[in-house]
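S.K.: Here it is: the structure, laid out below.
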Amino acid sequence: MSAKEQWATRVGLVLAMAGNAVGLGNFLRFPAQAAQNGGGTFLIPYLISFALMGIPLLWVEWAIGRHGGIYGHHSTPGMFHVMGDKGWLKYIGVFGIFTNLTIAAYYCYIESWTLSYVFHSLIGTFAQTEPKVFFPNYLGETADSLFAFPLEAGCWFLLTLALNIWILSKGLAKGIEMAAKIGMPLLVIFAAVLVVRGLMLDAGDPGVVQSPLDGLNFVWNPKLEGLTQPTTWLAAAGQIFFTLSLGMGAIHCYASYVSKRSDIALNAASAGWMNEFVEVVLGGSLLIPIATAYMGLAAVQSATAGGGGFSLGFLSLPTLFNNWGWFAPIAGALWFGLLFFAGITSSLAMGQPIMAYFQDEHQMNRRNSALIFGASTMILGLFCVWLYPGGAFDEFDFWSGTFSLVIFALLEVFIFSYVFGIDKGWKEITRGADIHVPRIFRFIIKYVTPVFILVVFIGALIQPAEGNWAQAFRSLFSGDGWPLAANSVIGKLFHVGVDSAWFTPEGRGTKVLVQDMTRLLLFSLFAGIAVMVYFDFRKKGGSR
């Protein structure tokens, strides 16, 4: 039973929590976000967001998790059920099952890309084939139909998922904690090697056209006008939110396995600061400086503005490493290896809450609950693999990995402060704390953090075209309406700026058909989980 499981060591717990937070976005999304939103100035709203939203939410989620664990609950429906006498609270916890399951589905697919790229780097594929040719073929984007299945991508996905299931089946201490103890140090070592090698490049090296320090300057050169742009603040808050894996339910689950008197304040802060070190120091010093050295700053600026860090990481870097001679395949393996470790420590954290639910509510053993997680993730993940060219992957990412997280975080901080009660909540955070938690955070958690998240949510909901808020308000007040961005929540929901037809004149399915099919699948899954929670708790008579 999950109630008997515990973390073997405090170091292992902190590394597992940090591994949950440290993901692909630390190395691919963060440097592009910083470069696009004020460079070095981006750190100001970034760190303010960390203080006013990141750390408070970490403490809230650790407190909710430990409190639920005291009552024998290790997944969010049970945790929220014991936070008050309102019957609807357990349904808020549905987000913690839904988000982990659906994010794991497409995240394991990304993870499989990195494992595949380790293999192809070592066998020299990218010395013979351009990644810009290899990757679209791998994903099935060059097939004649949106509904063709990419066989190699599917096989690597199943292999990656099987590895996740195997580690999860080994238990909390012997599986997840051991993976974190191995994966996190290797990730930092691999990243440090590449950072040092990249920053040492100079004009005398083959293929170098510009100093990598110009790329570093591009990321961190302060652009003070960024502080006056709402988009910069929204981007910083969003990056903090997603980099710490907030609003998912994974932190809650990990925290539920600590004892009643264990410190959570210092543990939460330590995991958060470890993630920030990896993201800011390593993530900001790796991808863009190396790319700048070989591509030139202008090309890198264009790439980050268009495809963010993903296009540089998967399409450009494998080719650029060819300039490193005998070290090229090793460099490729190190780069995609560190991305793999960043990915798998996060996906393991997504699997544990799903397993914990079936262990708690259905009395399953660990092996069977791991198989349930694996089967569910396989079905959803193969849907993403199959319909990636049609946009299914992007729909999973937006509605599960963005929209649902913000909604869940907003609800949980409100429940923590006003239903559970800030007095009880503050005692939960500070009980057994090895550090003094400044009392100002009591005020921040109750008032500032909810408003902060609400602003992020509204910003995502009605984001204007081209991110120009001033122009949007002028347009609204002049009677021309609000110009919604296509990637805003409402814009995506109503397919703003695109033809919403499901079929072409020739009768072939369109991307809009795939997108709407995916949304129906996600909505049905959420409703199905809610029904399952209803019957499971009804069977128990609503007992705590």
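S.K.: Using only the Cα atoms of the chain, build the gyration tensor, take square roots of its eigenvalues as a ≥ b ≥ c, and label the shape rounded, prolate or oblate: rounded if a/c is under 1.5, else prolate if a/b is larger than b/c, else oblate.
M.R.: Cα axes put the chain in the rounded bin.
S.K.: Which one of PRO230, PRO505, GLY249 is farthest out on the positive end of the charge dipole of the chain, using unit charges on Cβ (Lys, Arg +1; Asp, Glu -1) and the Cα centre as origin?
M.R.: Looking along the dipole axis, the top candidate is GLY249.
S.K.: Within the set LYS90/LYS540; LYS427/LYS539; LYS90/LYS446, which residue pairs have Cα atoms separated by over 24 Å?
M.R.: LYS427/LYS539
S.K.: What lysines does LYS170 reach when the alpha-carbon gap must be under 19 Å and sequence neighbours fewer than 8 apart in one chain are set aside?
M.R.: Partners within reach: LYS4, LYS181.
S.K.: Rounded to the nearest 10 degrees, what's the angle between the helix 366-386 long axis and the longest principal axis of the chain, both from Cα atoms, 0 to 90?
M.R.: Roughly 40 degrees between the two axes.
S.K.: Taking R0 as 41 Å, what's the FRET efficiency between TYR418 and LYS174 from their Cβ-Cβ distance, rounded to 0.05?
M.R.: Efficiency, from the Cβ-Cβ distance: 0.55.
S.K.: To the nearest 10 degrees, how steep is helix 151-169 against the longest Cα principal axis of the chain, on a 0 to 90 scale?
M.R.: 40 degrees
S.K.: Can you classify the range 335-491 as rounded, prolate or oblate using the Cα gyration tensor, where a ≥ b ≥ c are the square roots of its eigenvalues, rounded means a/c under 1.5, and otherwise it's prolate if a/b beats b/c and oblate if not?
M.R.: Cα axes put the range 335-491 in the oblate bin.
S.K.: How high is the relative contact order of the range 15-113? Use alpha-carbon pairs under 8 Å, at least six apart in sequence, and give a whole percent.
M.R.: It comes to 13 percent, rounded to a whole number.
S.K.: Still on this model: State the Kirkwood hydrodynamic radius of the range 1-69 in Å, one decimal place, computed from all pairs of distinct Cα atoms.
M.R.: Radius from the Kirkwood sum: 14.6 Å.
S.K.: On a 0 to 90 degree scale, rounded to 10, what angle separates helix 230-243 from the longest Cα axis of the chain?
M.R.: 70 degrees
S.K.: Where a Cα-Cα gap under 18 Å defines reach, which aspartates and glutamates qualify for LYS86, not counting those fewer than 8 residues away within the same chain?
M.R.: The qualifying aspartates and glutamates are GLU412, ASP536.
S.K.: Sticking with this structure for a sec: Per the helix-only calculation at 222 nm, which mean residue ellipticity applies to the chain, given -39500 (n - 2.57) for every DSSP H run of n ≥ 4 and division by its residues, nearest 500 deg cm²/dmol?
M.R.: That calculation yields -20000 deg cm²/dmol at 222 nm.
S.K.: For the pair ALA501 and GLU466, what calculated FRET efficiency results from E = 1/(1 + (r/R0)^6), where r is the Cβ-Cβ distance and R0 = 30 Å, to the nearest 0.05?
M.R.: Between GLU466 and ALA501 the formula returns 0.70.
S.K.: According to a simple spin-label model (label point 7 Å from Cα along Cα-to-Cβ), what is the distance in nm between PHE277 and LYS86?
M.R.: 3.9 nm
S.K.: Sticking with this structure for a sec: Distance from a point 7 Å along Cα→Cβ of GLU141 to each backbone N in the range 268-311: keep the residues under 12 Å and list them by number.
M.R.: What the label zone holds, given the 12 Å backbone N cut-off, is 307-308, 310-311.
S.K.: Below 8 Å between Cα atoms, with a sequence gap of 6+, how large is the relative contact order for the range 399-512 in percent?
M.R.: 18 percent
S.K.: Once you put a point 7 Å from the Cα of LYS260 and another 7 Å from the Cα of ILE440, both along the Cβ direction, what distance in nm separates them?
M.R.: With each label placed 7 Å out from Cα toward Cβ, I get 3.4 nm.
S.K.: Here's something else I'd like to know. Please list 95-101, 443-449, 200-206 highest first by mean number of surrounding beta-carbon atoms within 10 Å per residue.
M.R.: Those peptides, ordered most packed to least, come out 95-101, 443-449, 200-206.
S.K.: Any chance you could run the full-extension gain for ASP214 through ALA127? It's 0.36 nm times the residue separation minus the Cα-Cα distance, nm to one decimal.
M.R.: Between ASP214 and ALA127, full extension yields an extra 28.7 nm.
S.K.: Using R₀ = 56 Å, calculate the FRET efficiency as 1/(1 + (r/R₀)^6) where r is the Cβ-Cβ separation of LEU476 and ASN365; round to 0.05.
M.R.: 0.45
S.K.: I've got another one for you. What's the ranking of 250-259, 318-327, 392-401 by average number of surrounding C-beta atoms within 10 Å, highest first?
M.R.: Packing proxy ranking, top to bottom: 250-259, 392-401, 318-327.
S.K.: Percent of accessible area on the chain owned by carbon and sulfur, 1.4 Å probe?
M.R.: Within the chain, the accessible surface is 66 percent carbon and sulfur.
The values are calculated or read from the model by the stated rules, or taken from the named source; none is laboratory data. What you see is a predicted model, and the numbers here were worked out from it, not measured in a lab. FYI the Cβ positions are ideal-geometry reconstructions off the backbone, even for glycines, and counts take in every protein chain you see. Protein only, heavy atoms only, side chains kept; ligands, DNA and RNA dropped before computing areas. Shrake-Rupley method; radii C 1.70, N 1.55, O 1.52, S 1.80 Å.
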